1. Mind checking which residues of the stretch 18-62 are of a type in the set (V, I, T) and either in contact with a His (Cβ under 7 Å, 6 or more places away or on another chain) or surrounded by 17 or more Cβ atoms within 10 Å (Cβ to Cβ) (or both)?
2. Taking K73, is it among the basic types (K, R) and over 22 Å from Q117 (Cα atoms)?
Amino acid sequence: MFGCIVAGRLVQTNLQQVDVNKYVFELPEAQTINHIVVFLLGTNPFEPGYAATVHLLWPNKSWQLLGMLSNDKPSAIFRLKATPGSENTMVGPTAELGISIEPIQAIEQQMQQQQMQQQQMQQQNALVPAGQQPSS
């Protein structure tokens with residue numbers, strides 16, 4: 001039902017079902033990943049009213065929501081940025097790409113929450129113009 005491509009690698013279709021409506025791709029050599037494409041294969045569309053969230057699990061981290069797929073948006077490209085202190089010195093750690101099929105209303109709420117969190121982080125990280133005092 002799904003495929004993924006890590007930039008510079010072959011297409012992966014070795015999806016593992018780990019629960020009802022939950023799937024995982026193993027992504028070896030996680031330290032080299034910078035872009036990933038996730039897509040519907042086109043063989044089985046989502047049932048009406050359903051879509052999927054896409055998550056990433058880095059080694060020693062918690063699941064991170066990347067985005068969503070739907071019948072109207074059957075593919076997505078995600079840029080994965082390293083966060084300070086996230087450099088992994090282990091050779092060949094494996095990350096996991098998780099896909100969860102859920103009602104589209106629940107997914108839309110999750111995406112709105114993610115967008116609000118990103119906007120808050122951008123505001124907190126915004127530069128203060130010269131000559132102005134940062135507000136506390």
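1. Here is the first cut: in the stretch 18-62, the ones of a type in the set (V, I, T) are 18, 20, 24, 32-33, 36-38, 43, 53-54.
Scanning the stretch 18-62 gives V24, I33, I36, V38, T53, V54.
2. Answer is yes for this residue.
Quick note: the coordinates plus some simple rules give every number you see, no bench work behind them. Note that the structure is predicted; figures quoted are calculated from it, not measured. Because the Cβ atoms are built from the backbone with ideal geometry, glycine has one as well, and the counts that use them run over all protein chains shown.
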